[in-house]
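Shown next, in structure tokens, is the structure this report addresses.
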Amino acid sequence: QVQLVESGGGLGQPGGSLRLSCAASITITSINAMGWYRQAPGKQRELVAIIMSGGRTNYADSVKGRFTISRDNAKNTLYLQMNSLKPEDPAVYYCYADLLRSPLEYWGHGTQVTVSS
């Protein structure tokens, strides 16, 4: 079983930056994909960014050029660098992972991101 713990959420200013972290309880090399999703009140959870085991990344159009997903295998940690924050970015951000050759999905409990001046 995989445990994912997010951190780094909080208050960001429009145009500012935040960096989210997701610490995994197992080595990232055992993980097929990791990603970030977000869910705003009254809205469905949506994909923000995902990184595959080989390093390939995909981003939602709304965050391309602003957010960067990365991982540090040595630290078993996933990151989301959020730049140029916009008023539409506030949400609870969730870390996601699935294992190699496994149908199971793992989710963190989320970290709140607020954007306000």
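The values are calculated or read from the model by the stated rules, or taken from the named source; none is laboratory data. Model, not experiment: these values are computed from the prediction. Reconstructed Cβ throughout: ideal geometry from the backbone, glycine too, with neighbour counts over all protein chains shown. Side chains are part of the model used for accessible areas, which takes the heavy atoms of the whole protein and leaves out ligands, DNA and RNA. Shrake-Rupley method; radii C 1.70, N 1.55, O 1.52, S 1.80 Å.
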From Cα pairs below 8 angstrom and at least 6 apart in sequence, can you work out the relative contact order of segment 29-107, rounded to a whole percent? 36
Rh (Kirkwood, all Cα-Cα pairs) for the chain, Å, reads 14.1
If you roll a 1.4 Å probe over the chain with all protein chains in place, what percent of the accessible area is carbon or sulfur? 46
Is segment 49-117 best put as rounded, prolate or oblate by its Cα gyration tensor, with a ≥ b ≥ c the root eigenvalues, rounded for a/c under 1.5, and otherwise prolate when a/b is larger than b/c, oblate when not? prolate
Lys/Arg +1, Asp/Glu -1 at C-beta; the chain dipole; positive extreme among Thr68, Gln44, Asn32: Thr68
Among 85-93, 102-110, 48-56, the order from most to least packed when residues are scored by Cβ within 10 Å on average: 85-93, 48-56, 102-110
Stokes-Einstein D for segment 1-47, Kirkwood Rh over Cα pairs, 25 °C, 0.890 mPa s (µm²/s): 190
Along the Cα-to-C-beta direction of Ala40, a point sits 7 Å from the Cα; which residues of segment 91-105 have their amide N less than 11 Å from that point? 91-92
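If we count every other residue with Cβ under 11 angstrom of Asp89's Cβ, Lys/Arg +1 and Asp/Glu -1, where does the sum land?
Around Asp89, the charge tally is +2.
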What whole number of Å gives the distance from the Cα centroid of segment 87-117 to the Cα centroid of segment 1-54? 4
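Given a 1.4 angstrom probe, what's the average accessible area per residue across the chain, in square angstrom?
Roughly 53 Å² per residue, with all protein chains present.
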